[in-house]
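Shown next, in structure tokens, is the structure this report addresses.
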Amino acid sequence: MARGETRGTGKPGGERLVAAVRSTGRTLRADLFTAARDPLPRNGWLGWLPHVHVLLFAVAMGGFNLNDCEQYADTAIVLLLVVLQSAALVLALSRPVAAWWLSTLTLFLTAEVVEAVVHRDMHWPWSAWGIALHTLVLLLLALRVPPRIAAAALGITVLSGIVNVAHAGHDHNQVVERGTIAFATAVVVGASLRIGRVARTRLVEQEVLTAEERSARALLEERNRIARELHDVVAHHMSVISIQAQVAPHLVENPPDELRENLAGIRQNAVEALTELRRVLDVLRSEDPAAEGVRHAPQPTLARLPELVDNVRGAGLTVTTEVTGDPRPLSPGVELSAFRIVQEALSNAMRHSPGARVRVAVGHQRSGVTVRVTNTEPDRPVAPSPGAGHGLLGMRERAAMLGGELAAGPTPDGGYEVTAILPARTNDAVHTDHPEPSAAEPVEGAP
């Protein structure tokens, strides 16, 4: 490798340094030579009060500056420069970069105009009022631009004062050093406040993203759990289809070959569907060790509701039940979802309403089933929840999956109520023209 070259590149180190300097220079020029609007945001606690204070400060400093300029020969020019510098502070509320340029230019020109007539005991090249105005301009600039731009502005300001001193015709009470300290302090304070504000903003954005990701993950977990539970329901139907397709040819005397072929195809497709369902279930359960223990457990139905209520009563919760209407056969998916909704509502009542009385109402209609779980106000303080649960999310997913509705919310007496309306058939089944199964047909859920 040739001397002076950088490993991995074909350019010498000097050329790369020059290119980096040029790139930095172009970036600074683009950031400093702009009149883009960047208004000072309204403060959350103080409102527009800081803006009013800036305006009052500009007027006060401008008045003090006007009193000093009366002793100069070119009063009109100095007066104009003083007014422009005060206006620069007002402009900094909306266009900080342009305001800083205007303030720096007025500081430089004022020093050049009054240099020949200023007294030795007066501050020069910057007056005390000019330093105060420019300090606030730099502070407003540093609050809204990246630190590198604020540092460049500070450097240009100090450089302009050094140029004034270099052109001086006689000795003065120079305040470049003291003015630089004030300007640097403003830049450091403004940059620090901006960095803190940007960090807080990014933290809030990250918290929002995290909350959205957590909600999406919770939704996927609930859908995964529901899919695992419904696998047995779907597998049962596919098994019935396979068995019926196998038995059907024996129920017809001399069935035609076309019928045998069609029924054989139906059975083959049902068997293949069962195989794929088992593979899907293996994927869904691969990351859930707890699901393995209940792989062969039967899915609960509303017939097990008394058992569930007894278990909850044993845990110390006062529960009453009410069943209205004539129970009628429901699809396994509706039975499972209704049971899980009641189970989750009772769990929430035990967790969030200790000592409350709970009422479970199940209403059977021809169109479906309605479950309502209501609890009264808790009789003792509720311990804070360790985090957002998946209960309501899971209940809503189950109801939506069946084309039903779920409403949950506080009651006027301080309690809570969950109501789910589940249709007897899903939306897809409602729109079909097939009649409901007769009593002679096998009951869903039977082996």
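Exactly one residue out of Ala399, Ala429, Ala407, Ala349 is outside any loop (DSSP other than H, G, I, E, B) and at pLDDT 90 or above: that is Ala407.
Scan region 432-446 and tell me whether some residue there is under 35 Å from the mean Cα position of the chain (by Cα), at pLDDT below 90 and open to solvent by less than 90 Å² (accessible area, probe 1.4 Å).
In the first step, residues of region 432-446 are kept if they are under 35 Å from the mean Cα position of the chain (by Cα); the result is none.
For region 432-446, residues under 35 Å from the mean Cα position of the chain (by Cα), at pLDDT below 90 and open to solvent by less than 90 Å² (accessible area, probe 1.4 Å): absent.
Does region 21-35 contain any residue that is modelled with pLDDT of 85 or more, charged (D, E, K, R) and open to solvent by less than 60 Å² (accessible area, probe 1.4 Å)? Within region 21-35, not a single residue is modelled with pLDDT of 85 or more, charged (D, E, K, R) and open to solvent by less than 60 Å² (accessible area, probe 1.4 Å). Filtering region 122-144 to residues that are within 16 Å of Asn67 (Cβ to Cβ) and outside any helix (DSSP H, G or I) leaves Met122, His123, Ser127. Identify, by number, the condition in (1) part of a helix (DSSP H, G or I); (2) out of contact with any Ser or Thr (no Cβ under 9 Å at 6 or more places or on another chain); (3) open to solvent by less than 30 Å² (accessible area, probe 1.4 Å) that Trp100 doesn't meet. Looking at each condition in turn, Trp100 falls short on (2).
Of all residue pairs spaced 6 or more apart or on separate chains, those with beta-carbon atoms under 8 Å, a first member in region 315-332 that is over 21 Å from Val358 (Cα atoms) and a second member that is hydrophobic (A, V, I, L, M, F, W, C) and assigned to a loop (DSSP other than H, G, I, E, B) are Arg328/Ala424; Pro329/Val443; Leu330/Ala424; Ser331/Ala424.
Here's the yes/no breakdown for (1) under 28 Å from Val145 (Cβ atoms); (2) without any contact (Cβ under 8 Å) to a residue 12 or more places away in the chain; (3) open to solvent by less than 50 Å² (accessible area, probe 1.4 Å):
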{"site": "Arg178", "(1), (2), (3)": "yes, no, no"}
{"site": "Val187", "(1), (2), (3)": "yes, no, yes"}
{"site": "Thr201", "(1), (2), (3)": "yes, yes, no"}
{"site": "Val208", "(1), (2), (3)": "yes, yes, no"}
{"site": "Glu213", "(1), (2), (3)": "no, yes, no"}
{"site": "Leu219", "(1), (2), (3)": "no, no, yes"}
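Within the set Ala248, Ala199, Ala218, Ala184, the sole residue that is small (Gly, Ala, Ser), under 46 Å from the mean Cα position of the chain (by Cα) and modelled with pLDDT under 85 turns out to be Ala218.
Take region 176-190 and flag every residue that is of a type in the set (Val, Ile, Thr) and touching a helix residue (DSSP H, G or I) at 6+ places or on another chain (Cβ under 7 Å). Explain how you work it out, then say what you get.
Just the residues of region 176-190 that are of a type in the set (Val, Ile, Thr), to begin with: 176, 180-181, 185, 187-189.
Those that are of a type in the set (Val, Ile, Thr) and touching a helix residue (DSSP H, G or I) at 6+ places or on another chain (Cβ under 7 Å): Val176, Thr180, Val187, Val189.
For region 320-346, the set of residues classified as among the acidic types (Asp, Glu) and in a helix (DSSP H, G or I) consists of Glu335, Glu344, listed by residue number. Take Arg144 and tell me if it is of a type outside the set (Val, Ile, Thr) and open to solvent by 40 Å² or more (accessible area, probe 1.4 Å). It is false that Arg144 is of a type outside the set (Val, Ile, Thr) and open to solvent by 40 Å² or more (accessible area, probe 1.4 Å).
For region 250-265, give me each residue that is open to solvent by 80 Å² or more (accessible area, probe 1.4 Å) and in a helix (DSSP H, G or I).
Step one: list which residues in region 250-265 are open to solvent by 80 Å² or more (accessible area, probe 1.4 Å), which gives 250-251, 253-254, 257-258, 260-262.
Within region 250-265, His250, Leu251, Asp257, Glu258, Arg260, Glu261, Asn262 qualify.
The values are calculated or read from the model by the stated rules, or taken from the named source; none is laboratory data. Just so it is clear, the structure is predicted and the values come from calculations on it, not from any experiment. FYI the Cβ positions are ideal-geometry reconstructions off the backbone, even for glycines, and counts take in every protein chain you see. Surface areas here come from the heavy atoms of the whole protein model, side chains and all, with no ligands, DNA or RNA. Shrake-Rupley method; radii C 1.70, N 1.55, O 1.52, S 1.80 Å.
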